[in-house]
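The values are calculated or read from the model by the stated rules, or taken from the named source; none is laboratory data. Treat the numbers as computed from the prediction; the structure is a model and nothing was measured. Glycine also receives a Cβ, built like all others from the backbone with ideal geometry; neighbour counts cover every protein chain displayed. Note: areas computed on protein heavy atoms with side chains; ligands, DNA, RNA excluded. Shrake-Rupley method; radii C 1.70, N 1.55, O 1.52, S 1.80 Å.
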Amino acid sequence: MSRVGRMPITIPAGVTVNVAEGNVVTVKGPKGELTRTFPAQIAISVEGNTITCTRPNDTKENRAQHGTTRANLNNMVVGVSSGFAKTLIVDGIGYRADKKGDTVTLKLGFSHPVEIKEVPGITMEIGAVEKSNVPTITVKGCDKQVVGQFAAVVRSKRPPEPYKGKGIRYSDEVIRRKEGKTGAKKK
């Protein structure tokens, strides 16, 4: 049995889960509503305030889908109840981030500012790292996959470079630094 797949999911107060025909699951909560279609061979049942996933047999495909289905269901429940967030740090001299309306304007050392618009279901907040003036961007939403993808798009505008560490990086990302050029000249 899958260790992840057999664990029950507890439904918090204020969250409703509906399983429809064809394994279409709709989860509603205070942060929003998510709908997703799951594989037909995995049985999803809601009993009281718990969700359980079961598989019919131990074929390779069913074993693979069992844990994945349970993890995706758990992410939906957590997303609509408390939400997900990714924090990005904009590190570099002269690098700035400003927000007006639903657009974030980044100054990243290019000859032009980079503008990023929020997509539906995503909000961005601008802040600063404690005890420094380094700007941060926090991407928030109820869908874990959309939050992660949008944060990756923002990071791709100026990925961190290994020599000085300048660029946009995740708050928990560690950048492997490289040594610069040595002072010796060859003749």
Per the filter on segment 112-167, residues among the β-branched types (Val, Ile, Thr) and touching a residue at least 40 places away in the same chain (Cβ under 8 Å) are VAL114, ILE116, VAL129, VAL134, THR136, ILE137, THR138, VAL139, VAL147, VAL154
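For every residue, the table says whether it meets (1) assigned to a loop (DSSP other than H, G, I, E, B); (2) farther than 23 Å from MET76 by Cα; (3) open to solvent by less than 80 Å² (accessible area, probe 1.4 Å).
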{"residue": "GLU125", "(1), (2), (3)": "no, no, no"}
{"residue": "THR138", "(1), (2), (3)": "no, no, yes"}
{"residue": "GLY148", "(1), (2), (3)": "no, no, yes"}
{"residue": "ARG158", "(1), (2), (3)": "yes, yes, yes"}
{"residue": "ILE168", "(1), (2), (3)": "no, yes, yes"}
{"residue": "VAL174", "(1), (2), (3)": "yes, yes, no"}
{"residue": "LYS178", "(1), (2), (3)": "yes, yes, no"}
Do we find that PRO56 is under 21 Å from the mean Cα position of the chain (by Cα), exposed (fewer than 13 other Cβ atoms within 10 Å of the Cβ) and not in a strand (DSSP E or B) in this structure?
-> no
If we keep just the residues of segment 2-43 that are without any contact (Cβ under 8 Å) to a residue 60 or more places away in the chain and on the phi > 0 side of the Ramachandran plot, which is surrounded by the most Cβ atoms within 10 Å (Cβ to Cβ)?
-> ASN23
In this structure, is GLY183 over 23 Å from GLU33 (Cα atoms), assigned to a loop (DSSP other than H, G, I, E, B), modelled with pLDDT under 95 and of a type in the set (Gly, Ala, Ser)?
-> yes
Within segment 42-79, residues under 15 Å from ARG6 (Cα atoms) and polar (S, T, N, Q) come out as SER45, THR50, THR52, THR54, ASN57, ASN62, GLN65, THR68, THR69, ASN72, ASN74
Where a residue in segment 71-99 is open to solvent by 40 Å² or more (accessible area, probe 1.4 Å) and its partner, wherever it lies, is polar (S, T, N, Q), with Cβ under 7 Å and at least six apart = ALA85/THR138; THR87/THR136; THR87/THR138; THR87/SER171; ASP98/THR105
